[in-house]
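Notes follow the structure.
The values are calculated or read from the model by the stated rules, or taken from the named source; none is laboratory data. Fair warning: this is a prediction, and the values are worked out from it, not measured in the lab. Neighbour counts are summed over all protein chains in view; Cβ atoms, including those assigned to glycine, are modelled from backbone coordinates with ideal geometry. Just the protein is used for accessible areas: all its heavy atoms, side chains included, with ligands, DNA and RNA removed. Shrake-Rupley method; radii C 1.70, N 1.55, O 1.52, S 1.80 Å.
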Amino acid sequence: MNKKIKNEVNLDFVCFGITDACTLRCKMCQKWKEDIFIKENSGVPTLKDWKNCINSLRSIAKGPLQINFGGGEPLLKEDVLELVSFSKSKRFAANIATNGYLIDEKMAKRIAHSGLDSIIISLDSLNEDTHDYLRGVKGAYHRAMDAIESLEKYGNGLYKGVCCVIYEKNLDDIPRLLEWVDSDPRLNSIYFMAAMQPNNTALDSRWYDKEEFSFLWPKDPQKTSLVIDKLIDLKNKGSKITNEICQLETFKLYYAHPERFVKNTKCNMDSALHISSCGDIFLCYRWGLLGNIKTDDLAEAWYSEKAEKARQDIANCRDNCHFLLNCFFKGDYPFELCDTAINK
């Protein structure tokens, strides 16, 4: 058992990576590939393990908190909607990030019945070929569009948003996508993300220079900056963009100088919790395994010496990663490029 220590850090962000399985074969993500750890060890947590985890989370949370269910494709996970309902019974808000592929009318009704607060659907472009190319499966675009319609019809007022990552491949399509979201009453929001090194590839601080990822990383920083400036202008005029303006400004710095750390303060992942598909507990996946929900209490892990060591490592980290820029962005605008290069 980890030794408990005093911890004054408030928990701000929770993500359950409920499964690494996926319906799609996205070119920017390889999570759908075989998980060697699960194959060689005791497997995934049971429904009871996840519920125990949520119960323990209630003892950590000091205020309102949302559980984000992600993947892979979380709707592939058996009982994920039961976990949503259980989370709601414990007074947590619940969100699902999905590619929309599995959401037909029947699934939309189940989602509404679960009490889910919000759902975010990945949509890279209104160009069908572009979206399907990035997602690796023909028909993914039409499935996403059908999902939006089914959720509107049966979702009982469910908050529905779109998430789009800014890539070279879809850069020219972003203004039209935003215009469509802003004009579509079915959708509540659009959230933009910055391109990251694909999941399950060997960590490489210069990944964006690799030819194999050239379709992801924008080739023209000035053009990219102009597109983001357009987003900022529309955000100021009342667009449905949910990114903070300082976050979009940070994207500009990142795309112009990906080799430099974009924040002038530390990363905020010391106040986050991640649970992997096999039950491993992390603050940040890069810094320190704290335990596993199959055998360890989540609250004890949060207050452990291991967690404090991870927080120290996070404070010294200089990686422009997915969580820093995208999923758990916390602004300290104005951002300035740090003198320190990112981790090698």
Largest first and rounded to whole Å, the semi-axes √(5λ) derived from the alpha carbon gyration tensor of the chain read 29, 26, 19
Identify, among I245, A202, W217, the residue whose Cα sits farthest towards the positive end of the charge dipole of region 197-267, taking +1 on the Cβ of Lys and Arg and -1 on the Cβ of Asp and Glu, with the dipole about the Cα centre.
I245
Using the structure shown, list the pairs from K138/K223; K219/K252; K88/K235; K27/K51 with a Cα-Cα distance above 22 Å, or answer none.
K138/K223; K88/K235; K27/K51
Using a Förster radius of 45 Å, what is the FRET efficiency between W180 and E8 based on their Cβ-Cβ separation? Nearest 0.05, please.
0.50
Links exceeding 23 Å between C-alpha atoms in this model, out of K169/K210; K48/K90; K62/K263; K90/K240, come to K62/K263; K90/K240
Quick shape summary for region 114-235, equivalent ellipsoid via Cα gyration tensor, semi-axes whole Å in descending order, reads 27, 18, 13
Return the percentage of antiparallel bridges among DSSP beta bridges fully within the chain, rounded to the nearest 5 %.
20 percent
In region 155-288, carbon and sulfur make up what percent of the accessible area (probe 1.4 Å)?
50 percent
Ranked from the most accessible area to the least, with a 1.4 Å probe and all protein chains present, what is the order of E168, E211?
E211, E168
Candidate residues K169, K90: accessible-area rank, largest first, probe 1.4 Å
K169, K90
How large is ³J(HN,Hα), in whole Hz, for each residue of region 278-294 in order, when computed from phi with the Karplus curve 6.51 cos²θ - 1.76 cosθ + 1.60 and θ = phi - 60°, using x for Gly and Pro?
9, x, 5, 9, 9, 7, 10, 4, 7, 9, x, 6, 9, x, 9, 5, 6
What do the square roots of 5 times the Cα gyration tensor eigenvalues come to for region 243-283, in whole Å, largest first, as semi-axes of the equivalent ellipsoid?
27, 12, 11
Tell me, in nm to one decimal, what length is gained between Q222 and N127 on full extension, where the rule is 0.36 nm per residue of separation less the Cα-Cα distance?
31.9 nm
Built amide H within the under 5 Å cut-off of I241, gap 5+:
I190
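Treating only the Cβ atoms of Lys and Arg (+1) and Asp and Glu (-1) as charged, compute the dipole magnitude of the chain about its Cα centre; round to the nearest 20 debye.
780 debye
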May I ask you to compute the full-extension gain from S214 to S89, defined as 0.36 nm times their residue separation minus their alpha-carbon distance, rounded to one decimal in nm?
40.4 nm
Region 47-155: C-alpha pair distances exceeding 21 Å, %
39 percent
